[in-house]
């Protein structure tokens, strides 16, 4: 179990069920955190404007890959 860095609420995150880079939210204060490492479980606050990686970002809008 890990504490929310913002409000110190217990976050019920199972290290076995999350991956590095995954974003989780605190149920108490709503702050989003990125999983930095899973063993030990380490969180980093997600800044404003953060977007999770999307495999489609490399593709241009018209589908042209040049």
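Each reported figure results from applying straightforward, stated rules to the coordinates on display, with no laboratory input. Fair warning: this is a prediction, and the values are worked out from it, not measured in the lab. Note that each Cβ is placed from the backbone with ideal geometry, even for glycine, and that neighbours are counted across all protein chains shown.
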Separation between the residue 25 and residue 41 pseudo-spin-labels, each 7 Å from Cα along Cα→Cβ, expressed in nm? 1.8 nm
Relative contact order %, region 2-47, counting alpha carbon pairs below 8 Å whose residues are six or more apart: 29 percent
In what sequence, highest mean first, do 16-23, 33-40 appear when ranked by Cβ atoms within 10 angstrom? 33-40, 16-23
